[in-house]
Every structure is written in C-alpha cells, then in structure tokens.
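Taking it in order: structure first as structure tokens, then the write-up.
The values are calculated or read from the model by the stated rules, or taken from the named source; none is laboratory data. From a predicted model like this one, the values you see are computed outputs, not experimental measurements. Note: ideal-geometry Cβ built from the backbone for every residue, glycine included; neighbour counts use all protein chains shown. Note: accessible area is taken over every heavy atom of the protein model, side chains too, but ligands, DNA and RNA are not part of it. Shrake-Rupley method; radii C 1.70, N 1.55, O 1.52, S 1.80 Å.
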Amino acid sequence: MSTLPRAESSPLLEVRDLAVRFRLERPGGLLRRGHDELRAVDGVNLVVRRGETLGLVGESGCGKSTTGRAVLQLLKPSAGTVVFDGQPIHDWWVRKGRRWVWDARLRELRRRMQMIFQDPFASLNPRMTVEAILTEPLRNFGLTGGGDRRRRVQELMATVGMDPRFIRRYPHEFSGGQRQRIGIARALALGPDLIVADEPISALDVSIQAQILNLLARLREELGLTMIFIAHDLAAVRHISDRIAVMYLGRIVEEADAREIVAAPRHPYTQALISAVPVPDPVQEATRQRTVLSGEVPSPVNPPSGCPFHSRCPLREDRCTRDVPVLREIAPGHRVACHLVD
Amino acid sequence: MSDTTTEPSPTGDAAEAVLTIRDLRTFFQTDGHVVKAVDGVSFSVRRGETLGVVGESGSGKSVACLSALRLVPSPPAFHPSGEIRFQGRDLLRLPEQEIEALRGNRLAMIFQDPMTSLNPYLRVARQLTEVLEVHRGATPAAARQEAIAMLERVGIPDAGRRIDQYPHQFSGGMRQRVMIAMALLCQPEVLLADEPTTALDVTVQAQILELIAELQASLGTAVVLVTHDLGVVAGTADRVVVMYAGRIVEEGPTGELFADPQHPYTRGLLASMPRIDTPPTGHLEAIAGLPPDLGHLPTGCAFHPRCPLASDRCRREEPPVVAVSAEHRAACFEAEAGG
C-alpha cells in the first residue's frame with residue numbers, strides 16, 4: 001500500500017466517457033455486405049490521483065486491456081476525453097493520409113506514460129541484448145550519451161533486481177520472471193509518472209508472481225509512480241491496489257476502495273466474481289456460499305439491452321432489461337451501476 | 001515418493017485404489033544430457049476421490065499424468081522404472097492396441113486447451129458418437145441420443161442443435177464443456193484433468209469445477225486434478241500431492257496439508273499467494289530464486305537453493321520421506337524434527 005496522503009493529491013489522470021469501438025467487416029457475399037460494431041469500451045469514467053494505484057479487473061473481453069491502451073493513446077479513442085496532468089491528450093492526434101498518428105506532443109509525452117505487458121517474451125525483441133533493449137528508449141529521446149548510457153542501463157537492471165553483469169545477454173537466456181523484470185526496467189527507463197501494467201504476472205509461475213508483485217510495490221514507493229494495474233486475478237489486484245474498478249462488457253459496474261470492494265461488494269456481478277475466486281483454505285472452501293453464474297459473457301458486438309449484466313444476473317427485474325443503470329456514488333468513494341442498490 | 005525405506009503405496013488400503021502409480025520415472029534424452037521430468041513418483045487415487053496434483057511449470061505434474069496414459073512419445077522419453085496399475089494390469093507394459101482401447105474409454109483425460117482433444121474439422125456429433133460406437137458398440141442413433149443427453153448434462157443449451165456444429169462455433173467455456181462431455185461419455189473409472197480451468201475466467205471456472213464434482217459424484221469417477229492453483233485444490237481435492245522438480249515433496253489429506261504444511265516449498269507457495277479472504281499484508285513472502293533447470297538439478301534436495309531452512313546436509317543428501325501422520329508425508333529433513 002502506498003503511503004502518500006490521498007486526499008490532498010490532485011488527479012494525474014481523468015478519463016470521461018471513454019469509448020473504443022471497432023468496425024468488424026462482415027464476411028459473405030454481396031447481399032450480406034456491411035459491418036458490425038464491437039463496443040470494447042463503452043463509456044468509462046476514471047480518476048487516478050498522483051501516487052495512487054488503480055486496479056482494473058474483469059473477465060476476458062470486458063474491455064480492461066483496451067481501456068488501458070486507450071488511456072495511454074496506444075489506441076485512438078472513438079469518443080470521450082483523457083486528461084493527463086491537466087492536458088487533453090486524446091486531442092493530440094493528427095491525420096496522416098487515411099491513418100491517425102500521434103502529434104509531436106503525444107510522442108514527447110511517451111516519456112511520462114509507459115506500459116508493462118503480459119507476455120514479456122512477445123514484447124522483447126529476441127535479437128536485442130538487455131543493453132540494447134534498455135538503451136533504445138534512452139536513445140529515442142536523446143537522453144544521456146555514451147558511458148552515461150551504460151551506467152543508466154546497469155542502474156535500471158539493479159533497480160529491478162537483476163544482476164547488471166547480464167547486460168549482454170538476450171531475452172531467451174532468461175526465465176519468464178527475469179524477462180518480466182526486463183520489461184519493467186524498459187518501462188522505467190525514461191522515468192515515467194504513469195505506468196499501465198496489463199496482466200503483468202498472469203504468465204508467471206505462482207512463486208514468481210509474488211516476486212514481481214513485491215517489485216512493483218517497492219518501485220511504486222521508491223519512484224512515486226502512479227499505476228493502473230490490469231488483471232483478471234482479483235486477489236493480486238486487491239493486494240497491490242488502493243482502489244479497484246470492476247468492468248463488465250466495456251463498462252465499469254462498481255468502483256471502491258480495494259478493501260471495501262472485497263469486504264462489501266454491492267454489484268451482483270462483483271459479488272459473483274469475488275465468490276468465485278478460490279481461496280487456499282479447505283475449511284473455508286467447504287462452507288463458502290458461492291454464487292455460480294449461469295451462462296457466459298455476452299458478445300460485445302451484440303450487447304444486451306438495459307443493464308449489460310442482466311442476462312446473467314440472479315436478481316434481474318423488468319427494468320434491468322430496459323434501462324441502462326448509471327454509475328452513481330452510494331457512499332463516499334464507492335460507486336455502483338445497478339438499479340437494485342440503494 | 002521414491003524413497004525405498006518407506007512403503008511405496010502411500011494411500012493406505014491399496015485395494016480401494018483405482019489407479020496406482022509406483023516409482024514412476026519419465027526421463028527425456030536430449031542432446032548431451034538426460035532431463036528427469038518425473039523422478040520416482042508414487043501416488044494412487046480411489047473410486048470417487050479427487051486427488052490434487054500441485055506444482056509449477058517443470059514440476060513434472062503434467063508429464064506424470066501423460067505418462068500414465070502413455071501419451072508421452074518414446075523416444076525421446078523413457079521410463080527407467082515405474083509401474084502404473086489399473087484393473088490388475090501395468091499400463092507401462094501394455095501393448096499399444098490395449099492401451100488405446102482403455103484411453104478415452106476406461107481412462108479419460110482433459111486438457112487446458114480443449115482443441116488438444118477436439119478435431120477442428122469434425123462436427124461435435126461425430127466426435128462424441130465415435131467413442132460410443134467404437135468402444136461400446138452403440139448404434140449411431142443410440143449414440144447420438146446419448147451424446148445429446150451428455151451435452152445437456154454438462155450445461156450446453158440447445159444441445160440437439162449445437163451437436164451438429166464445429167468446435168470453433170463454441171466459446172472457450174462451452175468448448176471445455178464439450179471436451180468434458182466427450183471424456184465422460186464412456187463413464188471412465190479415472191479422469192485425468194490437466195489444468196482444465198486455467199484458461200477460463202473465474203466465474204466459468206466455478207461452473208466447470210462444480211460440473212466435474214457433480215458428474216464425479218453420480219458416476220463414482222476417480223479424478224486426478226493437475227493444477228498450479230492451491231485455491232482450486234483447497235475447494236475440490238480430497239488429498240493433495242505437491243511436486244517440485246520431478247518429485248513429490250509433500251502429500252496428505254487436503255485439510256491436514258493446508259492446516260499443517262511441512263515442506264518449506266508447500267509453506268512458501270501458500271505464503272506467496274495474495275488472497276482475498278485475509279486482509280492484505282503489504283508484502284508477500286515470495287519464494288526466492290528460480291525453479292531449477294531439470295537438466296542440471298542441484299545436489300541433495302532440489303529445493304535447497306531456494307529454501308530458507310537449507311543446511312549443509314540439504315546440499316549433500318537427498319532428504320528422506322518423513323511420515324507426519326498416517327497419510328501425511330513430506331520429503332524434508334526439517335519435517336522429521338517438526339513432525
């Protein structure tokens with residue numbers, strides 16, 4: 001847990017009505033031509049304060065990764081605003097032919113916003129040494145030269161708990177956990193303010209997951225990082241986050257303090273999600289009340305009317321199939337999108 | 001466990017056991033050296049029981065199960081020792097046709113990726129009815145009826161129509177159900193489930209685990225559940241085997257093993273997991289270091305380089321298997337003192 005005084009710290013990031021829609025061309029003949037629209041992110045509002053860690057949880061396809069990418073402008077949002085340190089960065093795109101590209105301000109901003117990926121092997125160039133991987137961002141931004149650069153790389157390696165003597169090794173010479181450390185070092189190279197970590201531990205062995213979680217927690221303290229931690233593993237998210245937002249079908253259905261949301265979840269989906277997380281205690285497992293949801297997450301191409309969760313909700317009423325519930329505050333800092341919560 | 005000073009049948013009354021693995025070794029010959037993927041593993045599973053086999057990647061948990069069904073290609077694999085008793089026969093020494101007749105019939109296996117078992121080019125109907133027609137001599141019409149009934153039982157809506165679809169037309173969770181339906185159609189005595197829910201979301205995982213438990217209760221199937229997730233084991237297994245570097249380091253009844261873990265690796269795994277049932281601690285007790293390279297195992301106890309309790313003796317000698325109680329054993333010098 002971070003120790004910064006939350007109440008006084010100003011937001012580093014404010015996201016309003018964020019939407020990301022993908023156009024899917026429909027296969028088939030002349031008569032069926034047309035397209036479908038996949039609403040990956042469908043009106044997300046988020047505020048992240050300086051030094052805070054926000055956990056974003058949900059099941060596959062809920063839009064949590066797409067939200068992370070759209071926040072960092074790795075994807076151009078279809079609608080909504082993303083304000084980073086007071087600046088409307090969603091506007092910093094220019095048209096180049098038929099494509100949208102970052103303008104100079106957004107390219108420069110890369111220094112301050114970085115991403116850590118799930119699969120460190122896929123995100124590291126196999127032909128580059130650790131030194132080359134970590135030097136690249138420094139060179140791109142014209143930071144430090146020659147001998148200083150090597151010293152900076154060694155310093156980064158030490159920061160993430162790697163032996164600086166391995167500077168000339170290639171990614172394949174490392175285990176999954178070590179590769180994730182390289183991925184983290186690369187994200188830290190430019191001294192960012194905001195890190196979006198997308199499933200950073202889910203590809204790792206259980207004993208290594210704890211090492212990486214501890215590393216992220218330590219770096220956050222030492223470097224004063226602001227973090228969005230995206231994962232499907234609620235226990236890991238709760239461990240590292242100050243606040244948690246739960247997503248379902250492209251929307252936030254509940255958001256609260258990390259302890260509170262696990263101790264007293266209010267949305268029926270959050271309740272089911274928490275009750276489904278296995279606990280390594282056979283006594284508790286034998287007596288736990290588990291809400292087993294029927295069915296699966298509907299397709300974001302064809303989302304249900306009304307509340308996106310109504311097709312699986314054990315408490316569904318008529319109005320849930322008609323009206324979309326608004327995310328509203330039910331207690332200080334606790335927001336829920338459900339018709340049935342007072 | 002491989003230790004010769006203890007009785008190799010670890011689960012008491014061997015007569016009850018449906019499947020018994022004794023002193024199994026599965027080694028791989030790779031250029032230059034031998035990789036000991038499974039190195040002297042013994043366990044058994046009883047009718048209607050669930051045995052959890054826990055370990056991280058490279059622990060040998062999957063290879064042990066694949067070996068039991070003779071699904072590890074040999075060469076490169078070979079078995080310097082071992083016996084797999086099923087219905088009075090040793091599966092390791094059975095002719096290929098006989099093991100084929102048992103596979104998918106009396107002994108079934110499900111995997112993390114359902115496409116390991118399902119053929120993408122064939123309709124689900126064909127894949128499900130084939131087992132019944134080949135193994136049980138059912139007529140095509142009867143086999144189809146039975147297959148539809150099983151799909152309904154595993155919770156596939158509109159089974160009568162969906163049976164004529166191809167695997168890619170099902171979602172991940174639904175495909176997992178189709179694979180389970182296929183595995184259980186012949187009412188096998190033993191179901192080997194290798195990380196069956198690892199690729200699924202937790203709400204779907206809860207559905208699938210509940211489904212396996214229901215079918216097991218009604219059919220009396222013995223289930224070997226291979227997983228890395230101690231939470232899943234706590235909720236489903238009657239007994240647990242913990243593997244590290246190709247060996248069993250601890251085994252016992254689930255309640256006892258979680259309440260009183262003896263091996264430092266089991267303790268380390270439990271301590272390193274963030275959990276939602278206790279307040280967050282801020283710092284996790286991670287296990288130091290990395291899992292070992294199976295081609296170059298450390299001397300003595302394979303866990304010693306990562307063990308907070310390691311002594312000189314652990315670096316030199318392999319630890320004995322210590323009986324902590326009637327059914328609870330651990331391979332550790334410290335367990336001797338503590339147990």
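Within region A:260-306, the set of residues being within 9 Å of chain B (Cβ to nearest Cβ), open to solvent by less than 50 Å² (accessible area, probe 1.4 Å) and among the hydroxyl-bearing types (Ser, Thr, Tyr) comprises A:269, A:275. Quick check: anything in region B:312-324 without any contact (Cβ under 8 Å) to a residue 40 or more places away in the chain, open to solvent by less than 30 Å² (accessible area, probe 1.4 Å) and either assigned to a strand (DSSP E or B) or at the interface with another protein chain (Cβ under 9 Å from one of its Cβ atoms) (or both)? The answer is no; no qualifying residue exists. Scanning region B:165-211 for residues that are assigned to a loop (DSSP other than H, G, I, E, B), among the acidic types (Asp, Glu) and within 14 Å of chain A (Cβ to nearest Cβ) returns B:195, B:201.
Scanning region B:82-93 for residues that are open to solvent by less than 20 Å² (accessible area, probe 1.4 Å) and without any contact (Cβ under 8 Å) to a residue 60 or more places away in the chain yields a single hit, B:91.
One line per residue, one yes/no per condition, for (1) at pLDDT 90 or above; (2) of a type in the set (Lys, Arg):
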position: B:126; (1), (2): yes, yes
position: B:137; (1), (2): no, no
position: B:153; (1), (2): no, yes
position: B:179; (1), (2): yes, no
position: B:196; (1), (2): no, no
position: B:199; (1), (2): no, no
position: B:211; (1), (2): no, no
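None of A:105, A:69 is closer than 28 Å to residue A:236 by Cα and assigned to a helix (DSSP H, G or I) except A:69.
Checking each residue in region B:290-308 for being more than 9 Å from chain A (Cβ to nearest Cβ) and under 22 Å from residue A:215 (Cβ atoms) picks out B:292, B:305, B:307, B:308.
If you filter region B:259-311 down to residues that are in contact with a Pro (Cβ under 7 Å, 6 or more places away or on another chain) and in a helix (DSSP H, G or I), you find that the one that is surrounded by the fewest Cβ atoms within 10 Å (Cβ to Cβ) is B:305. Residues in region A:191-200 that are assigned to a loop (DSSP other than H, G, I, E, B) and surrounded by fewer than 24 Cβ atoms within 10 Å (Cβ to Cβ) were compared, and the one that is nearest to the other protein chains (Cβ to nearest Cβ) is A:199. Of the residues contained in region B:313-327, none is found to be touching a Lys or Arg at 6+ places or on another chain (Cβ under 7 Å) and at pLDDT 95 or above. The residue that is nearest to the other protein chains (Cβ to nearest Cβ), counting only those in region A:146-161 that are under 22 Å from residue A:209 (Cα atoms) and touching a residue at least 24 places away in the same chain (Cβ under 8 Å), is A:161. Taken over region A:106-159, the criterion of being among the aromatic types (Phe, Trp, Tyr) and within 13 Å of residue A:181 (Cα to Cα) is satisfied by A:117, A:121. Every condition in (1) modelled with pLDDT under 95; (2) more than 7 Å from chain A (Cβ to nearest Cβ) holds for residue B:274 except the one numbered (2). For region A:115-145, the set of residues classified as assigned to a loop (DSSP other than H, G, I, E, B), touching a residue at least 24 places away in the same chain (Cβ under 8 Å) and more than 22 Å from residue A:74 (Cα to Cα) consists of A:126, A:127, A:128, A:129, A:143, listed by residue number. The lone criterion from (1) assigned to a loop (DSSP other than H, G, I, E, B); (2) surrounded by fewer than 17 Cβ atoms within 10 Å (Cβ to Cβ) left unmet by residue B:97 is number (1). Just name the residue that is nearest to residue A:44 (Cα to Cα) out of those in region A:310-341 that are touching a Pro at 6+ places or on another chain (Cβ under 7 Å) and open to solvent by less than 50 Å² (accessible area, probe 1.4 Å). Result: A:337. Checking each residue in region A:239-259 for being outside any loop (DSSP other than H, G, I, E, B) and either more than 24 Å from residue A:18 (Cβ to Cβ) or of a type in the set (Ser, Thr, Tyr) (or both) picks out A:239, A:248, A:259.
Any idea which residue in region A:46-62 is nearest to the chain's Cα centre (by Cα), counting only those that are more than 14 Å from chain B (Cβ to nearest Cβ) and open to solvent by less than 40 Å² (accessible area, probe 1.4 Å)? So the residue we want is A:56.
Name the single residue that is farthest from residue A:175 (Cα to Cα) among those in region B:51-78 being within 12 Å of chain A (Cβ to nearest Cβ), among the small types (Gly, Ala, Ser) and open to solvent by less than 10 Å² (accessible area, probe 1.4 Å). Among them, the one singled out is B:52. Is it true that residue B:200 is within 30 Å of residue A:298 (Cβ to Cβ) and open to solvent by less than 10 Å² (accessible area, probe 1.4 Å)? Taking the combined requirement at face value, the residue does not satisfy it. Going through (1) more than 10 Å from chain A (Cβ to nearest Cβ); (2) touching a Phe, Trp or Tyr at 6+ places or on another chain (Cβ under 9 Å); (3) at pLDDT 90 or above one by one, residue B:287 falls short only on (1).
Annotation note: Cβ proximity below 9 Å between a residue of region B:58-81 that is in contact (Cβ under 8 Å) with a residue 24 or more places away in the chain and a residue that is of a type in the set (Val, Ile, Thr) and assigned to a helix (DSSP H, G or I) (sequence gap 6+ or interchain) occurs for B:69/B:99; B:70/B:99; B:72/B:63; B:77/B:63.
For residue A:220, the stated conditions hold: it is open to solvent by less than 10 Å² (accessible area, probe 1.4 Å) and among the basic types (Lys, Arg). Exactly one residue out of B:249, B:224 is closer than 27 Å to residue A:274 by Cα, outside any loop (DSSP other than H, G, I, E, B), more than 11 Å from chain A (Cβ to nearest Cβ) and touching a helix residue (DSSP H, G or I) at 6+ places or on another chain (Cβ under 9 Å): that is B:224.
Go through region B:252-271 and give me each residue that's among the acidic types (Asp, Glu) and within 11 Å of chain A (Cβ to nearest Cβ). Passing the criteria: only B:256.
Here is a yes/no grid of residues against (1) among the β-branched types (Val, Ile, Thr); (2) within 11 Å of chain B (Cβ to nearest Cβ):
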{"residue": "A:186", "(1), (2)": "no, no"}
{"residue": "A:189", "(1), (2)": "no, no"}
{"residue": "A:218", "(1), (2)": "no, yes"}
{"residue": "A:228", "(1), (2)": "yes, no"}
{"residue": "A:239", "(1), (2)": "no, yes"}
{"residue": "A:243", "(1), (2)": "no, no"}
